[in-house]
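Reviewing the structure listed below.
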Amino acid sequence: MRLKILFFTICYFFIFIKIGFTQIAVFPFEDFSGNEEVNIKFAEKVASYLVTQGIKVIYPQEVIKELIKLRIKRIGVIDRVVAREIFLKLKAQYILLGSIYELDKEVPSLCVGIRILKAKNCKLVWSKIFSFCGKDYHSILGIKKITYEDILKKCFKDLFAGFKEERINVMYSFPVLEIEDVIFKTKSVKPGNTMEVALKLKFSGPKPEKLMLNVGDNKLIPLLKTGAYYIAFWRADLKEGKYPIILISKWNKNWNIQKKIFIGSYTVDNTPPQIKLEFWGIKKLANMIAFNRYLEIRPKILKKEKITRWKLEILSKKNKVVVMEEQLGDLPSTFFWRGVDNSDKPVPPGIYKIRLSVWDEAGNFKVVEKNVLVVKKPPEIELKALKIDNKIKIIINVKKHIIPIREMRVEIWDNKGNLIKKLDKKELKKGKVVLDNLPLNLNYEIVAIDILGNKLFVKDKINPQVLKKKKKEEKKTPKAKEWVHEF
Amino acid sequence: MNFKNKKVFHRFIFLILLISLSSCFRKGIITKELTSKRLKVCKIAVFPFYNLTKYEKLSDMLVQMFTIDMVRESIEVVEPGLVKNFLFRERILNPLYINAEILKKFKYETGADIVIGGQIIKASQVGDNVKLVLLIWARSTSTGDFIWYTFYRREGEDYRKVFHFGKISSLSALAQRMVEEIIKDWKNRGFLKCEM
């Protein structure tokens, strides 16, 4: 076994000793100056300058061909896999990435930044920035004007001043694995439920012989290749808690290496979300909360948890749904109910049940309920006047109200504004009040306010009804109970 | 010189000196430490900046500038490409709202001790006058805590030394100068120390 490793090491040494010369792959420059997104010409100029300095370069045109093969969408953003591929295929030990921040030949102004990476491990080893604006340059007595070419010369000199090639003693380069995408079916599950993870991986060099996930408590799950993704599924632990998921890749043949990458964590959750309802805009009664205009419902999650679905129902006393709202996603911070049903009609006064159901990511669900009294109607007081022999008889009927009445009075005035009769809350509390022998031409005023603020206010003339003798009721022929054929 | 009074002449000279020197007084960097604990900073990553200005590419530019300047200061920096790939994979659109767990994952993958991020609050270029306002923060990748923040506001005019000398008239040059000064300030405060 040892001899085998030695043999392969020697082989790789001889392979890579060939590419041991320092070469720099000059990537096309990113252009932030607004002219173009990619600037190849400038990169070529940089490459030419490096050649004059005795450095071996791979020109951007050649690099582009390789980048197309590697399907690189954005120049300036490279990962370990791309760096290693450049290292192996173009035999470049360094990668030069550049960005142009400002380029104006007329002003002239130039701002360029370069970074040099070790292709082997994608490590930044050199970087410099050059910035110069013609407007900021002031020659003595203003005799000499600076040109773009002058700035360019200065730029190259400044950018690579002090740059030394580092001879890389690389005998072999380890294979590289990069995660391109991670998809969790869910990040929170009930105990024993199935967890599923899909990974999109990118390789440079030989693929690992073993690819698996450590999903906590040293439980190893193999990854199965399905299309472009590697998929793993397993039964979640029975114990509640948070479990890390680590990708383990093993290259046994020739390399004998193992790499671990933490890809995320999942939670085993068997506890329903802890939720409480808070109400605003209400009046607290003895054993009930009541409102007349609007009700503000504020759900409060006691233990911070992600809510994935919620449902709010308002039910009548007969458990008939008056309002229903259901949605996926986060729970709103506030709900408003103006005492209307789904068709926007005010609901009759009475007790309504507010029921809020919430689901967490694992599917645990919790219901909270609260009864609320809705009274949108003002108290009702009926006034009936009868004319009997040039006198008026008034019957005041106070109808039953669902909540206590705070203030209530009936006043009767004559035409001249003299108060004839005043009935207060005490007298009206009896329910029915009869006033006899009152003169004609009277006005009245009724005021009644309940504890929620629903107000009844009526001010009018009294129009008495003249009593008439009741007509004799006509005898109605009773309906036949059975079907008669003669019609 | 035919000044009636010598005093007037002296006052005139004094005034000119005062005006020319006034441009030398600089506005300072506001840096505040948010934890008393000093962290070992051996490797840094620069996250994209949240850009509140109309200059779309300013964030990319600043990321590159911070990276370049830190490498120059011999600090190990995570290649911006690796940072971008990570954020893309984790579907993080705004690195301002990144949680502690994801930062831990980032540390596991890249080995970065802290991440630098922030906001570009204001940027303007009207003729030769340039202005830039930055708010930069540093977060620990192991705890997710904010360690320090820096607020820095600068104009091209602030660098004017005497007459028109020293003035900066391009946004990129101003940004580069500001980044240099911010990193210098952090170094002076001992934030970027790998050995404890």
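List of remarks:
- Calculated FRET value between A:Ile289 and A:Asn319, using beta carbons and R₀ = 22 Å, to 0.05: 0.65
- Database remark: amide H of A:Ile289 closer than 5 angstrom to the amide H of A:Leu373 (H placed geometrically; neighbours at sequence offset of 5 or more, or on other chains; Pro and chain starts carry no H).
- A simple spin-label model places the labels of B:Lys32 and A:Lys366 3.5 nm from each other, with each point 7 Å out along Cα-to-Cβ.
- Residue-wise HN-Hα coupling along region A:398-411, computed from phi with Karplus coefficients 6.51, -1.76, 1.60 (Hz; x: Gly, Pro): 8, 7, 5, 10, 5, 10, x, 9, 7, 9, 7, 7, 10, 10
- Close amide H pairs (under 5 Å, H built 1.01 Å from N) link A:Asp341 with A:Val347, residues at least 5 positions away or on another chain.
- Treating each Cα of region B:29-108 as one equal point scatterer and applying the Debye formula with no solvent, the log10 of I(q)/I(0) at q = 0.12, 0.27 Å⁻¹ comes out as -0.41, -1.40.
- Distance-filtered residues of region A:269-290 - backbone nitrogen under 12 Å, label point 7 angstrom along A:Gln327 Cα→Cβ: none
- Separation of region A:199-271 and region A:276-347, taken as the distance between their Cα centroids, equals 44 angstrom.
- Normalised by the number of residues in chain A, the average gap of Cα pairs under 8 Å and 6 or more apart makes the relative contact order 8 percent.
- For region A:221-232, 3J(HN,Hα) per residue [Karplus equation, 6.51 cos²θ - 1.76 cosθ + 1.60, θ = phi - 60°, Hz, x = Gly/Pro]: 10, x, 9, 10, 7, 9, x, 7, 10, 9, 10, 9
- Remark: mean inter-chain Cβ contacts per residue of A:69-77 equal 2, using a 10 Å Cβ-Cβ cutoff to other protein chain atoms.
- Fully extending the segment from A:Phe336 to A:Lys425 would add 28.6 nm, taking 0.36 nm per residue of separation and subtracting the current Cα-Cα distance.
- Projecting the Cα atoms of A:Leu373, A:Ile354, A:Asn390 onto the charge dipole of region A:352-406 (Cβ charges, centred on the Cα centre) puts A:Asn390 farthest toward the positive pole.
- Computed from the C-beta positions of A:Lys259 and A:Ala161, the FRET efficiency with R₀ = 30 Å rounds to 0.20.
- Dividing the Cα radius of gyration of chain A by its Kirkwood radius returns 1.34 for Rg/Rh.
- Averaging Cα coordinates gives a centre for region B:80-121 and one for region A:49-114; these two points are 25 Å apart.
- Cβ-defined net charge surrounding A:Ile86, 12 Å radius [Lys, Arg +1; Asp, Glu -1]: +4
- For region B:130-190, the relative contact order works out to 30 percent when only alpha carbon pairs closer than 8 Å and six or more residues apart are counted.
- Full extension of the segment from A:Lys353 to A:Asn437, taken as 0.36 nm per residue of separation minus the current Cα-Cα distance, would add 25.3 nm.
- Shielding value for B:73-81 is 5, the average number of Cβ atoms from other chains within 10 Å of each residue's Cβ.
- Within region A:38-70: backbone nitrogen closer than 18 Å to the B:Glu56 label point (7 Å, Cα to C-beta): A:38-39
- In plain terms, the chain from A:Glu196 to A:Gln465 could stretch by 88.7 nm, reckoned as 0.36 nm per residue minus the Cα-Cα distance.
- Taking a Cβ cut-off of under 12 Å around A:Asp237, the surrounding Lys, Arg, Asp and Glu residues balance to a net charge of +2, with basic ones at +1 and acidic ones at -1.
- Taking θ as phi - 60° and the Karplus parameters 6.51, -1.76 and 1.60, the scalar couplings of region A:429-443 work out to 4, 4, x, 10, 10, 10, 10, 10, 6, 9, x, 7, 6, 10, 10 Hz in sequence order, x denoting glycine and proline.
- With one equal scatterer per alpha carbon and no solvent term, the Debye-computed log10 I(q)/I(0) for region B:40-196 at 0.16 1/Å reads -0.88.
- Near the amide H of A:Arg406, within less than 5 Å, lie the amide hydrogens of A:Ile449, A:Asp450, A:Ile451, all on another chain or at least 5 residues away, with H placed in the peptide plane.
- Local electrostatic count at B:Ile68 - Lys and Arg +1, Asp and Glu -1, tallied over other residues with Cβ under 9 Å: +2
Read the figures in this text as sums done on the coordinates, not as results from a lab. Quantities reported herein were computed from a predicted structural model and do not represent experimental measurements. All Cβ positions, even for glycine, are placed from backbone atoms using ideal geometry, and neighbour counts span all protein chains on display.
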